[in-house]
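Student: Okay, here's the structure, questions in a sec.
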Amino acid sequence: MKKFLGLIAILFISLAANAQTGARMELKADTIDYGTVSKETDNGLRVFEFTNTGDEPLIIKDVKSTCGCTVPTKPKDPIQPGETGKIEVKYNMNPGPIRKTITVYSNATNYPDGVVALKIKGEVVKQEPANILEKKKSLPNQ
């Protein structure tokens, strides 16, 4: 019986020693889908939300995009345990498919080296100008 209790005590001690401490970034979503949008009706601004579920302040050291058409903005202050933070992303809305990656550098212990990859996707289409001379086909008498 003493051996069994000793084994359980060692198990609890090893679990406590391996308990994760530090800052932890829990994302609401790691991908934002713009869907099909047009430059005329959408400003291209989206927000990634996350919560620090760790026991130390979460520091976003840097945020980089794969190209100049996507501009990310990081929080200036550390995110305290239990608090929520935001990373804003502004896409320039050039027509065509959207497939971009935003890389976040942080002190989050639940990601290797604190590096998190966020993605945006979708498609920007040109909005066709309305021709006021064209006869509408949806009139009831036609």
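The values are calculated or read from the model by the stated rules, or taken from the named source; none is laboratory data. Keep in mind the model is a prediction, meaning the values are calculated, not measured. Virtual Cβ from ideal backbone geometry, glycine too; neighbours counted across all protein chains shown.
Student: I'm trying to understand the selection: among the residues of region 98-110, which are surrounded by fewer than 16 Cβ atoms within 10 Å (Cβ to Cβ) and assigned to a loop (DSSP other than H, G, I, E, B)? Spell out how you get there, then give the answer.
Tutor: Kept after step one, since they are surrounded by fewer than 16 Cβ atoms within 10 Å (Cβ to Cβ), are these residues of region 98-110: 99, 101, 103, 110.
Once the filter is applied, which keeps residues that are surrounded by fewer than 16 Cβ atoms within 10 Å (Cβ to Cβ) and assigned to a loop (DSSP other than H, G, I, E, B), region 98-110 yields only Asn110.
Student: Can you confirm whether Val89 is buried (at least 19 other Cβ atoms within 10 Å of the Cβ) and in contact with a Lys or Arg (Cβ under 6 Å, 6 or more places away or on another chain)?
Tutor: Working: buried (at least 19 other Cβ atoms within 10 Å of the Cβ): yes; in contact with a Lys or Arg (Cβ under 6 Å, 6 or more places away or on another chain): yes.
Yes.
Student: Here are some conditions: (1) modelled with pLDDT under 95; (2) touching a strand residue (DSSP E or B) at 6+ places or on another chain (Cβ under 6 Å). Phe4 meets all but one. Which one does it not meet?
Tutor: (2)
Student: Taking region 60-77, which residues are touching an Asp or Glu at 6+ places or on another chain (Cβ under 9 Å) and not aliphatic (A, V, I, L, M)? Even if it seems obvious, please write down each step before you answer.
Tutor: Here is the first cut: in region 60-77, the residues touching an Asp or Glu at 6+ places or on another chain (Cβ under 9 Å) are 71-74.
Scanning region 60-77 gives Pro72, Thr73, Lys74.
Student: Are any of the residues in region 12-25 under 12 Å from Thr109 (Cβ atoms), modelled with pLDDT of 95 or more, among the hydrophobic types (A, V, I, L, M, F, W, C) and surrounded by 14 or more Cβ atoms within 10 Å (Cβ to Cβ)?
Tutor: Checking region 12-25: at least one residue is under 12 Å from Thr109 (Cβ atoms), modelled with pLDDT of 95 or more, among the hydrophobic types (A, V, I, L, M, F, W, C) and surrounded by 14 or more Cβ atoms within 10 Å (Cβ to Cβ).
Student: Could you tell me whether Ile87 is of a type outside the set (D, E, K, R), under 16 Å from Ala23 (Cβ atoms) and touching a Pro at 6+ places or on another chain (Cβ under 9 Å)?
Tutor: Working: of a type outside the set (D, E, K, R): yes; under 16 Å from Ala23 (Cβ atoms): yes; touching a Pro at 6+ places or on another chain (Cβ under 9 Å): yes.
Answer is yes for this residue.
Student: Now for a separate question. Tell me which residues, restricted to region 21-66, are in a loop (DSSP other than H, G, I, E, B), more than 19 Å from Asn94 (Cα to Cα) and either without any contact (Cβ under 8 Å) to a residue 60 or more places away in the chain or in contact with a helix residue (DSSP H, G or I) (Cβ under 6 Å, 6 or more places away or on another chain) (or both).
Tutor: Within region 21-66, the first condition is being in a loop (DSSP other than H, G, I, E, B), and the residues that meet it are 21-22, 24, 28-30, 39-44, 53-57, 59, 66.
Now drop any that are not more than 19 Å from Asn94 (Cα to Cα), which leaves 21-22, 24, 28-30, 53-57, 59.
Matches in region 21-66: Lys28, Ala29, Thr53, Gly54, Asp55, Glu56, Pro57, Ile59.
Student: Then there is this: Does Thr41 satisfy being loosely packed, with under 12 Cβ neighbours inside 10 Å, at pLDDT below 95, among the β-branched types (Val, Ile, Thr) and under 24 Å from Thr103 (Cα atoms)?
Tutor: Numbers: loosely packed, with under 12 Cβ neighbours inside 10 Å: yes; at pLDDT below 95: yes; among the β-branched types (Val, Ile, Thr): yes; under 24 Å from Thr103 (Cα atoms): no.
Taking the combined requirement at face value, the residue does not satisfy it.
Student: Do you know which residues across region 71-84 are part of a strand (DSSP E or B) and surrounded by fewer than 19 Cβ atoms within 10 Å (Cβ to Cβ)?
Tutor: Going residue by residue through region 71-84, those that are part of a strand (DSSP E or B) are 71-73, 79, 84.
Hits for region 71-84 are Val71, Thr73, Thr84.
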